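S.K.: Here it is, the structure in full.
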Amino acid sequence: MESEIHLENNRFGKLQEYLREFVYGGIDGAVTTFAVVAGGYGANLDAGILIILGFANLLADGFSMSVGAYLSAKSEKDNFSKHEKIEYWEVENLPEIERTEIEEIYRAKGFKGELLQKIVEHICSDKDLWVAEMMKDELGMMRDSKSPFKIGLATLVSFVLVGLIPLLIYLWNFFFPSEINTFLWTSILTGLAFLIVGWLKSIVNQTSALRSISETVALGVLAAIVAFYVGDLLEQFFK
């Protein structure tokens, strides 16, 4: 099967199309929120303050990241449309030049003689195909079928959902006080989140699951360690 040769995976159905945005939004959400929690823990902040800082980061950064993803995707679509309109104008107004360019493109691919002329004739007989070939082979641009809005939405949803995990134990302990080690259980839950997101990243990038999970967990741990010691240092400094 060709899909097996290319390691294609369709287990998530239509959601597969936006899995990349979901994964990277989730990674950012978990890393940044856990870093806030670790920094607050290192600075011995009150749980209530830590929860406020965590949610402020979760909502502000999540919104900012989703807007950035939306604007980036929309900009790419707008740029594609602009160049596509230019190519349509050139095909309509400078057909001989554009025909020569198609011929040069396919000659560079190894076609020649009568076969080359048949290919050029076939492409140039269909304006839409002609423009599509110019966009792909001359400009190196391909149309992205994904919706910029859905890209932004997937980023926001994953950032908030996964980024909420480092705050869950603190929220539970705030409303239902107990003697549990809050930061320890938060670290365990966040570690599980990194495991899952790392596995999903391996599907997106078609790489080793072990390697992807290790990289994701290492990133989260490193961010937490840096934030913890920065928080501890600042707490000592401002005593």
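S.K.: Just need the relative contact order of the chain here, percent rounded to a whole number, with Cα pairs under 8 Å and 6+ apart. Present the calculation step by step, with values, prior to reporting the outcome.
M.R.: Values: 267 pairs, mean separation 97.8, N = 239.
Worked out over the chain, it gives 41 percent.
S.K.: Stretched out fully, how many nm does the piece from R211 to R107 gain, at 0.36 nm a residue minus the Cα gap?
M.R.: Working: separation 104, 0.36 × 104 = 37.44 nm, distance 4.23 nm.
This chain segment gains 33.2 nm when fully extended.
S.K.: Only four residue types carry charge here, +1 at the Cβ of Lys and Arg and -1 at the Cβ of Asp and Glu. Report the dipole size of the chain about the Cα centre in Debye, rounded to the nearest 20.
M.R.: Working: 20 positive and 31 negative charges, 159 e Å.
Computed charge dipole of the chain: roughly 760 debye.
S.K.: Still on this structure: Using a 1.4 Å probe on the protein heavy atoms, what percent of the accessible area of the chain belongs to carbon and sulfur?
M.R.: Working: 9360 of 14370 Å².
It is 65 percent, rounded to a whole number.
S.K.: Something else now. Any chance you could give the angle, 0 to 90 degrees and rounded to 10, that helix 165-175 forms with the longest Cα principal axis of the chain?
M.R.: Tilt of helix 165-175: around 30 degrees.
S.K.: Mind putting a number on the dipole of segment 36-178 about its Cα centre? Charges go on the C-beta only, +1 for Lys and Arg and -1 for Asp and Glu, and I need it in Debye to the nearest 20. Numbers along the way, then the final one.
M.R.: On the way: 14 positive and 21 negative charges, 144 e Å.
Rounded to the nearest 20 debye, it is 700 debye.
S.K.: Using a 1.4 angstrom probe, figure out how much accessible area the chain has per residue, in square angstrom, rounded to the nearest whole.
M.R.: Details: 14370 Å² over 239 residues.
Accessible surface, normalised per residue, equals 60 Å².
S.K.: K74: net charge of surrounding residues, Cβ under 12 Å, Lys/Arg +1, Asp/Glu -1, itself excluded?
M.R.: Values: positive: K77, K146, K150; negative: E76, D78, D144.
With Lys, Arg at +1 and Asp, Glu at -1, the net is 0.
S.K.: Return the label of the correct value of volume of the Cα convex hull per residue in Å³, as calculated from the structure shown, out of (i) 155; (ii) 107; (iii) 178.
M.R.: (iii)
S.K.: Same structure, new question: Would you tally the net charge around M65, using a Cβ to Cβ cut-off of less than 13 Å, leaving M65 out, and scoring K and R as +1, D and E as -1?
M.R.: Details: positive: none; negative: E21, D28, D61.
Its environment carries a net charge of -3.
S.K.: Please tell me which of these pairs span more than 32 angstrom C-alpha to C-alpha: K85/K118; K136/K201; K74/K118? Don't skip to the answer; put the middle values down first.
M.R.: Values: K85/K118 26 Å; K136/K201 28 Å; K74/K118 37 Å.
In this structure, K74/K118 exceed 32 Å between Cα atoms.
S.K.: OK, next. Please give the calculated 222 nm ellipticity per residue for the chain, where each DSSP H segment of at least 4 residues contributes -39500 (n - 2.57) and the sum is spread over every residue; nearest 500 deg cm²/dmol? Mind showing how you got there, number by number?
M.R.: Values: 10 runs with 188 residues, N = 239.
The per-residue figure over the chain is -27000 deg cm²/dmol.
S.K.: Report the FRET efficiency, 1/(1 + (r/R0)^6), for L184 and L59, where r is their Cβ-Cβ distance and R0 is 30 Å, rounded to 0.05. Numbers along the way, then the final one.
M.R.: Working: r = 26 Å, r/R0 = 0.86.
Using R0 = 30 Å, I get an efficiency of 0.70.
S.K.: Considering the options A227, T190, L210, tell which one lies farthest towards the positive end of the dipole of segment 112-239, charges being +1 on Lys and Arg and -1 on Asp and Glu at the Cβ, about the Cα centre.
M.R.: Highest projection toward the positive end goes to T190.
S.K.: Continuing with the same structure: Please calculate the 1.4 Å probe accessible area of W199, with all protein chains present, and give it to the nearest 10 Å².
M.R.: W199 has an accessible surface of roughly 100 Å² with all protein chains in place.
S.K.: For a label point 7 Å from the Cα of E76 along Cα→C-beta, name the residues of segment 175-213 whose backbone N is under 16 Å from it.
M.R.: 204-205, by backbone N distance to the label point.
The values are calculated or read from the model by the stated rules, or taken from the named source; none is laboratory data. In this text, all values refer to a predicted model and were calculated from it rather than measured experimentally. Counting neighbours? That spans all protein chains shown, and the Cβs are built from the backbone with ideal geometry, glycine included. Surface accessibility is based on the protein's heavy atoms, side chains included, excluding ligands, DNA and RNA. Shrake-Rupley method; radii C 1.70, N 1.55, O 1.52, S 1.80 Å.
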